[in-house]
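Here is the structure we will look at, set down as structure tokens.
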Amino acid sequence: MIGAEWSLLRREPHLKWGAIALLLLVGLAAWNGRMLLESRTVDAALALQESRETIDALAVQAANGNATATSPGAAAFGAVSATIVRRSATGEALAIGQTDLEANFQKLTARNAYAALAASAPDNALRLAVGNFDVAFVLVWLIPLLVIAAFFDIISGERERGVLALAVVAGAAASRYLWIKWLTRTLASIGVTWLAVAIAIAVGERSWTAETAITLVGWGVVLSAYVFFWASLALACNVGRGNSERHAAVLAAAWLTLVILLPAAINLLVTNVFPAPSRVELAAQLREATEAADRAAAKDRDRWFFDHPDLRSGEAERAAYYRSVAASERMITDAITPQLSAFESRAAERRALTRRLQWLSPAATTHDALTILSHTDGASQATFRAAVLIFHNRWQTFFFERIDGDRLLTRDDYARLPTFESPPTSSLRSLRRASTNVLVLLAIGALLCIYCGMRLTRLDAIPPQQEGG
Amino acid sequence: MIEAKGLSKSYGSVHALRGLDLEVQPGGIYCLLGANGAGKTTTLNLFLGFIQPTNGAASIAGHVVHVDPVAARRQVAYIPETVMLYGMLSGVENLDYFAKLSGCTHDQAALRGFLQRAGLNPTAHDRPLKTYSKGMRQKVGVAIALARNARALLLDEPTSGLDPKASNEFSELIAGMARDGAAILMATHDLFRARETGTHIGIMRDGVLRAEFVASEIDHGTLENEYLKIMKED
């Protein structure tokens with residue numbers, strides 16, 4: 001019976017072309033993601049190479065006793081910078097998510113913490129509303145349309161064509177006949193979805209590893225649950241007595257509401273409830289803190305020289321200057337830390353509210369799961385920012401210890417410069433995090449199926465207008 | 001084989017069918033005549049178990065339809081006014097699909113044999129059904145009935161919209177099935193075809209069977225006069 005249904009399904013040209021169009025778009029979106037990532041990777045590699053070459057050159061000059069290269073202050077606040085590169089995760093090309101809002105790499109000095117995060121932007125609560133052209137966007141938006149095309153008349157069409165009546169008279173139980181039809185179409189849609197994910201990974205990923213396989217499975221499972229939800233919704237719509245035109249209109253309205261309007265409404269709500277801290281305000285506070293810190297540091301420096309007038313010349317004065325700059329940067333960091341914390345907590349609040357509200361829209365739930373699996377969700381970005389701050393602290397400490405202790409930099413010091421490690425990603429851990437989303441989609445789909453099961457037992461085989469006459 | 005006893009169906013205060021009694025023996029073709037809304041289709045829908053009777057019972061081969069619809073349907077084949085089936089599948093594939101739904105498995109030769117017996121030219125067997133004329137589709141409907149070896153056949157205005165040649169071919173087909181022992185109940189507007197094909201003729205109006213005739217005992221002119229007389233009654 002499933003074989004016969006499959007043979008029927010693959011003869012429907014609009015579904016065949018719809019599926020082909022979806023697969024082509026997925027390939028294009030994956031290629032777009034890959035190109036974007038590769039261009040970022042090349043830029044990051046060039047920046048990293050430039051940093052390394054500068055450090056190597058300074059190390060040689062330090063060995064030769066060059067004054068600038070051996071001065072920890074000159075190195076910390078000008079000559080030396082660390083290049084922070086965000087490591088590309090498996091599946092990132094498929095769900096660009098919020099990575100296009102954050103710098104892929106940045107140059108970091110021993111100046112204050114704000115400078116370390118200057119290239120970062122507040123993360124958008126939900127990118128779905130504007131929609132990046134990535135595989136996640138294409139699948140979340142278009143899979144429901146494909147499912148609607150395959151399911152909108154699954155019962156009403158059979159009834160209107162008189163096929164259901166013939167099938168029932170032929171001895172098939174109407175409910176079993178329709179369940180088999182639904183199951184075949186659901187399995188076929190899931191098959192197309194898995195094929196789309198496989199194409200996306202083949203095009204978007206540079207190599208196949210165990211992590212790639214886990215990403216493929218994760219995406220496949222999430223999108224299968226998404227297909228299951230839409231197929232169940234279409235069936236639930238069909239168990240009513242309306243005709244195919246009405247069912248198509250209802251499902252199109254459901255798509256509009258669940259895929260476009262609700263995510264947009266969630267986005268609007270979240271950004272209004274938790275507006276991002278003002279960047280202008282932050283910049284003004286930074287300026288004030290800098291001025292205050294500079295004044296305080298200069299005052300300290302002047303007092304020190306007042307107490308030690310014999311040292312007001314040459315090396316000693318330069319060292320004192322850098323000590324005051326270091327002190328000033330510490331003060332600036334202390335002054336703006338509360339602002340930066342507020343910024344992070346606001347982002348966390350937005351993520352939390354978004355996550356609570358996303359259950360209203362299966363599209364948002366699915367998109368969230370896909371970005372989790374691709375390590376491009378807001379939480380992953382926050383983890384990266386936290387790692388940058390920790391590294392910045394290590395970098396500052398390295399130089400400030402030498403500035404405060406009047407220790408000149410040596411060649412070995414350059415070799416011991418802290419290096420940044422992008423936070424590790426684990427596809428298995430992401431799979432666990434995304435499993436809640438999958439369970440929610442499956443639960444809603446299952447409830448719809450139970451409702452359909454109850455309604456199908458008393459299904460009419462003929463359209464209502466034929467009952468009389 | 002096909003029997004109605006006091007069969008009634010009401011929708012609220014509207015009586016679609018009132019106290020219908022009729023019987024079709026194996027080999028018999030009972031033609032139900034009547035204007036639109038007379039209750040012909042309601043009668044067929046009751047025999048098919050698509051709707052439940054308000055009173056009385058419809059039975060097929062001894063199985064009361066509303067009590068045991070599955071057993072009753074096992075004996076029945078149904079040909080609606082327009083056999084739609086699946087336009088993308090060929091005649092053979094449609095036949096195979098519906099035969100399988102009935103739990104019958106036939107090889108390709110047998111399926112083509114049924115189509116041929118139903119009068120469908122072999123050159124059309126593998127063409128998509130969407131290219132078929134209405135008459136050809138009706139023949140596929142007959143082939144489905146043949147493949148199921150149904151003992152009772154319910155037809156709802158099967159010759160409506162067919163040209164005279166196709167209509168005649170169709171009548172011959174069902175006459176042949178009756179000769180093979182099937183009991184046939186056919187709703188139709190076509191007095192001439194009812195007189196030519198049927199063994200019994202019933203005229204319905206407002207949900208009531210107003211007159212019954214043995215087809216061999218009435219000529220066409222008399223049948224027409226009786227029909228018009230019933231239609232004109234206040």
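Any read-out appearing in this document is the output of simple, stated calculations on the displayed coordinates, not a laboratory observation. Because the structure is predicted, anything quoted here is derived from the model rather than measured. Neighbour counts run over all protein chains shown; Cβ positions are idealised from the backbone, glycine included.
Quick notes on this one:
- Among A:229-237, B:35-43, the peptide with the highest mean count of other Cβ atoms within 10 Å heads the list, and the full ranking is A:229-237, B:35-43.
- Convex hull volume per residue for region B:36-137, taking Cα atoms only, in Å³: 123
- Percentage of interatomic Cα-Cα distances in region B:83-150 larger than 20 Å: 12
- Subset of B:Lys130/B:Lys165; B:Lys100/B:Lys130; A:Lys16/B:Lys134; B:Lys134/B:Lys229; B:Lys40/B:Lys232; B:Lys139/B:Lys229 violating a 24 Å alpha-carbon distance limit: A:Lys16/B:Lys134; B:Lys134/B:Lys229; B:Lys139/B:Lys229
- Radius ratio Rg over Rh of chain B, counting only Cα atoms, Kirkwood formula for Rh: 0.97
- Reference-scaled alpha-carbon Rg (2.2 N^0.38 Å with N residues) for the protein assembly as shown: 1.49
- Computing FRET efficiency as 1/(1 + (r/R0)^6) for A:Gln49 and A:Ala198, where r is the C-beta to C-beta distance and R0 is 35 Å, gives about 0.50.
- In the frame of its principal axes, region A:1-62 has Cα extents of 80, 20, 6 Å, reported largest first.
- Compared with the alpha-carbon gap, the fully stretched path from A:Thr383 to A:Asp406 is longer by 4.8 nm at 0.36 nm per residue.
- Computed on chain B, with alpha-carbon pairs under 8 angstrom and 6+ residues apart, the relative contact order is 28 percent.
- Mean Cα-pair separation over length for region B:83-150, i.e. relative contact order, pairs under 8 Å, 6 or more apart, %: 47
- Amide N proximity, region B:180-207 versus B:Asn36 label position 7 Å along Cα-to-Cβ, cut-off under 19 Å: B:187-191, B:204-207
- Built amide H within the under 5 Å cut-off of B:Leu32, gap 5+: B:Met186, B:Ala187, B:Thr188, B:Gly202
- Shielding of A:167-179 by partner chains, average beta-carbon count, 10 Å: 6
- Simple spin-label estimate for A:Ala298 and A:Trp6 in nanometres, 7 Å along Cα-Cβ: 8.1
- For chain A: relative contact order, % (alpha-carbon pairs under 8 angstrom, 6 or more apart): 28
- Packing rank of B:121-132, A:399-410, where each peptide gets the mean count of other beta carbons within 10 Å, highest leading: A:399-410, B:121-132
- Axial C-alpha extent at least 18 Å, average Kyte-Doolittle at least -0.5 - helices from chain A (DSSP): A:13-63, A:135-151, A:174-204, A:210-238, A:378-404, A:427-456
- Region A:256-363: proportion of alpha-carbon pairs further apart than 24 angstrom, %: 52
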